[in-house]
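Data first, discussion second: the structure below is written as C-alpha cells.
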Amino acid sequence: MRQLIRMKIKNKLKQSIALQPTMTRHSIVMASILCCIPVLELAAQEDTVQTKVLQSITIASDRFSVSGVQPLPSIKENFIYSGKKTEVFSLDTLPVNIVEKTGRQVFARIPGVFVYDMDGAGNQINIAMRGLDPHRSWEINMRQNGIMINSDIYGYPASHYNPPLESIERIEIVRGTAALQYGAQFGGMVNYITKKHNANQKFAYESISAIGSFNTISSFHSFGGKAGQLSFYMYVQKRQADGYRHQARSSSEAQFISLQYNVSRMLKVRAELARSQYLYRIPGPLNDLMFHQNPRQATRTRNYYEPDVWLPSITFDWQAGKRTYIEWTTSALIGARNSVQFIGFATVKDTINPQTMRFAPRQVDIDLFNSYTSEWRIRHDYEIGKKPATIVGGIRYINNRLHRRQQGEGTSGSDYDLSVVQPFKRDVYLKTQNIAVFVENKLLVGSSAEISAGLRLENGISRMRGKIAYLPEERIPFDLSHRFLLAGISGQYHFNAQWQLYGGWAQAYRPVIFADLVPANPLERNNPDLKDASGHNAEIGLRGGNNRWRVDMTLFQLLYRNRVGSLQMTDTDGSLYIWKTNIGNSKNTGIEIYAEYQLLGRRQFHLSIFTASAWQEAFYLNGSLRRQNQNVELTGNRLEGVPRLILRNGLQGRFKQWESLLLFSYTDKNYSDPFNTKEPSATGAAGIVPAYKVWDWNFGVKISNKCRLLLTINNLTNEQYFTKRPVIYPGAGVWPSDGRSWILTVKVRL
C-alpha cells in the first residue's frame, strides 16, 4: 500500500510539472501539494498503518500580501456575520505598544474608533465607535474568547476586566448591527481572542518583558502544553509605572488558565479562569489654565481606584450531527470596583486644615459584582432547492446582583484605605433577571448573493432595593422591565472573488443603568416610566482588493432614542425639583474608510501605507436638558464627545529582520456637553475639547526565530492634549494625555 501511495504521488508531481512548464518554483510547490491532497485522502481511507502527525510547514512566496484587516467569514462557529460590517486583525504580529495598551496604535487600522485616554498607565482601554460614549467601553458588548466581560450589562456595563494585550492573538469586531447576536448594546461587539497552545508542540513558553519611561516595568510569562486529549494555556502578568503625571503611580497584575479536553472527535470541553486587577493613584482633574501651565501636575495625592475581577467559564462544543453544531457556555463575572477619593473640581484644593491639622475625610465607594450568564446556541446547515442555507438560534439567561455602597465617609489619611468611619449614605442593590431568545437565518440567493434576517426577544426586569440616607424609604423600591423585540436584516453580494457589496439594518437598545436610577441628591426624582434607549444601526459598504491593496468603505447611520438626562420641574406646591427622565433623540451619520496599499512587496523588502478614517455628523434631533435653573432646548446641537474627523495614517516597512511602523493620528475638536459650550469653564468641566495630532514610531528587529526586540516612542512630537472632559469618574475637568515616552519590549518564544 505504501509503495502504491508513493507511485501515485510521484505521478501527480510529474503531471503537474509537465502541464505547467512556465510556473515559478513557488507555484510548482503549491500545485504539487494540491495534487497530493486526493491521494493522501485515499491513503487515509485505505491504509491501516499507524499515522504520525507532522509539524506544519510554511510556504514562503517572494511577495508579501496586504492583510492587515480582514472581514470575518459569513459563518464562523455558531455566528452569522454575512452582510455585517466586521473586522479581524492579528495583534500578535503587529509592531505596536501592547504593553501599555495604547489604543490609537492597537486600533490604528479600524476606522472611527474614538480612544479616550483616561490614564496612561496601560490599565484600561476606553473606546467607542459611531459617536457613542467611550467610558470603559460601556456602549460595546466586550468579550474575551466569546465570554462577556461587561461587569453588569443592566446595572453598570463598564468593562472593569481588562486582559493584558500581551496575551491576545487577535481582535474581532462586529459593528452596531451585532445587536441580534449579542443583545443590549448600540456599539457592536469586540472580542479579544487569547493565544492558544500550538498543537504541534508538547510544551511552549513565551516571555514578554518591557522597561520604559516613568519607571515602567512589565513582565508577562505564558505556558502551554498538551498531554493526550488534554491541552492547556496559562499566563501571569505584572506591571508597574509612576505615570506621566505626578502622583499617578499604577500597578497591575493578571492571571489566566485555559484547559481543553477533547472528549471525542465530536465533543470538546473548555474551562477557563481569568483575573485582572490594578491599583491606580489618580492625580486629579485640571482646569484649562493649569493644563497650559503644566499638564503633568497633580491636584490630588490621596485618590485611589481599584477594580479586581474574576472571570470563570465553561464551554461545551458539540457537533451533534453532520450539519448540526451546539455550544453551551456558562460564565460569571465576580469582583469589585473600589475607590477612595477627595472629590471636587480642580479649583478645590486638597490641603491640610490648619485647625484640625488633618486632611478632609475622603469618600469611599464600593461596587460588588455578581453577574452570571448561561448561553445556549445551535447552528444547523441545510439546503433549500439544492442551495446551502444556515439557521442559528439560541437562548441567553442572565442573573446579576450588583451591590452598590457609595458616599461612605472614609479616613483623612493618604494611603489606599477603604475603611469608613460613618455608614454609607447609599447602600442599594440592583438585581436583574433577563432571558433572551434569538434566531437568524442565512440564505443563498442566486449564485452570488446572500441574505440574512433575524429576530431577538428580550424579556427581563431590574429591581432596586436598599437605603439612601437622604431619601424616604418609599422612594427607593424601583422596578424596571426590559421587553424588546428586535429585528434585523442584512445581505451581501459577491461581484467576484475579490469584491463584496454588503449592508444591513438592525434595531438596538441599551437598558437604563444603575446610575440613571439612583437619585444623586434629595431634590432628584426618577420618572417611573423611564424608558430604555432604543434605535437602530444601518450601514452599506463595499470591500475588496487583492494581494497588493485592500479597501473597505462603509456609510452608516445610528439612531439613538430616549437619551437619559435631567430636567427642572415645578411641584404642585410650587417647589422646584430635578426630574430624571428621557430627554430626547440623536442621530449620527457618517462614513468609515480603511485602505491599504503595498508600495513594495518583496521577500527582503516590504513597504505599505494605510489610512483608517471616519467622518461623522452627529446631532440632537430633539430634546431639552436642565442647565443651572432652566431647561435648555437641544434640537440641532452637535452630540457631545463626537469629533467630525478621526484620521489615522500609517507607513509600515520591513527589511530582512528589521521592521518599522510610523503612525499619524488626528482627532478633530468636539464639544464636551450637550449645550455645545465653547469657552472653557473655570473648573475645566465644560468647553470645547481641542483637536490634536499625535505621531508614534515603532521599530523592531527579529534577533532570531525565538527572540524579537521592539522599541516604541509614543507621542514623538510631545503633543500636549486631552481627549475628553468627563463629568463622572475620575472627576470633572481636564485629564491630560501622556506626552512623549518610550518603551523597550523583548519577546522570547521557546
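The values are calculated or read from the model by the stated rules, or taken from the named source; none is laboratory data. Given the structure is predicted, the values throughout are model-derived calculations rather than measurements. Glycine also receives a Cβ, built like all others from the backbone with ideal geometry; neighbour counts cover every protein chain displayed.
List every residue pair whose Cβ atoms lie under 6 Å apart, where the two residues are 6 or more positions apart in sequence or sit on different chains, the first residue falls within segment 639-654 and is over 12 Å from Ser613 (Cα atoms), and the second residue, located anywhere, is aromatic (Phe, Trp, Tyr) and surrounded by fewer than 23 Cβ atoms within 10 Å (Cβ to Cβ).
Glu640/Tyr671
Working only within segment 212-222, note down all residues that are surrounded by fewer than 16 Cβ atoms within 10 Å (Cβ to Cβ) and part of a strand (DSSP E or B).
Ile217
Which of the residues that make up segment 635-657 are at pLDDT 95 or above and out of contact with any Asp or Glu (no Cβ under 8 Å at 6 or more places or on another chain)?
Hits for segment 635-657 are Thr635, Gly636, Asn637, Arg638, Leu639, Val642, Leu647, Arg648, Asn649, Gly650, Leu651.
Can you pull out every residue in segment 114-128 that is closer than 19 Å to Ile513 by Cβ, under 11 Å from the mean Cα position of the chain (by Cα) and either modelled with pLDDT of 90 or more or β-branched (Val, Ile, Thr) (or both)?
Within segment 114-128, Asn126, Ile127, Ala128 qualify.
Just to be sure, is Ala515 in contact with a helix residue (DSSP H, G or I) (Cβ under 6 Å, 6 or more places away or on another chain), in contact (Cβ under 8 Å) with a residue 60 or more places away in the chain and of a type in the set (A, V, I, L, M)?
Against the criterion (in contact with a helix residue (DSSP H, G or I) (Cβ under 6 Å, 6 or more places away or on another chain), in contact (Cβ under 8 Å) with a residue 60 or more places away in the chain and of a type in the set (A, V, I, L, M)), Ala515 does not qualify.
State which residue pairs qualify: first residue closer than 22 Å to Val115 by Cβ and small (Gly, Ala, Ser) and inside segment 685-703, second residue in a strand (DSSP E or B) and at pLDDT 95 or above in any location, beta carbons under 7 Å apart, and separation of 6 or more residues or different chains.
Listed by first residue and then by second, the contacts come to Ala691/Thr667.
Got a sec? Which of Arg626, Arg603 is more than 19 Å from Val564 (Cβ to Cβ) and basic (Lys, Arg)?
Checking each option against the conditions leaves just Arg603.
Can you tell me which residue is modelled with the lowest pLDDT among those in segment 658-670 that are under 19 Å from Thr712 (Cβ atoms) and polar (S, T, N, Q)?
Ser660
Scan (1) part of a loop (DSSP other than H, G, I, E, B); (2) more than 30 Å from Pro736 (Cβ to Cβ) for the single condition Pro295 breaks and write down its number.
(2)
Restricting attention to segment 631-649, which residues are closer than 30 Å to Thr570 by Cα, aliphatic (A, V, I, L, M) and in contact with a Gly (Cβ under 9 Å, 6 or more places away or on another chain)?
The answer is Leu634, Leu639.
When you scan segment 578-589, do you find a residue that is surrounded by 15 or more Cβ atoms within 10 Å (Cβ to Cβ), assigned by TED's automatic domain parsing to the domain that holds Asp532, within 21 Å of Tyr666 (Cα to Cα) and among the aromatic types (Phe, Trp, Tyr), even just one?
The answer is no, given that none of the residues of segment 578-589 is surrounded by 15 or more Cβ atoms within 10 Å (Cβ to Cβ), assigned by TED's automatic domain parsing to the domain that holds Asp532, within 21 Å of Tyr666 (Cα to Cα) and among the aromatic types (Phe, Trp, Tyr).
Assess whether Asp119 counts as being outside the structural domain of Leu647 (by TED's automatic domain parsing), part of a loop (DSSP other than H, G, I, E, B) and over 29 Å from Arg708 (Cβ atoms).
no
Here are some residues: Met234, Met266, Met290. Which one is among the hydrophobic types (A, V, I, L, M, F, W, C) and within 30 Å of Glu679 (Cα to Cα)?
Met290 is the lone residue from the list that is among the hydrophobic types (A, V, I, L, M, F, W, C) and within 30 Å of Glu679 (Cα to Cα).
Tell me whether segment 505-514 contains one or more residues that are in a strand (DSSP E or B), buried (at least 19 other Cβ atoms within 10 Å of the Cβ) and among the polar types (S, T, N, Q).
So far as segment 505-514 goes, yes, one or more of its residues are in a strand (DSSP E or B), buried (at least 19 other Cβ atoms within 10 Å of the Cβ) and among the polar types (S, T, N, Q).
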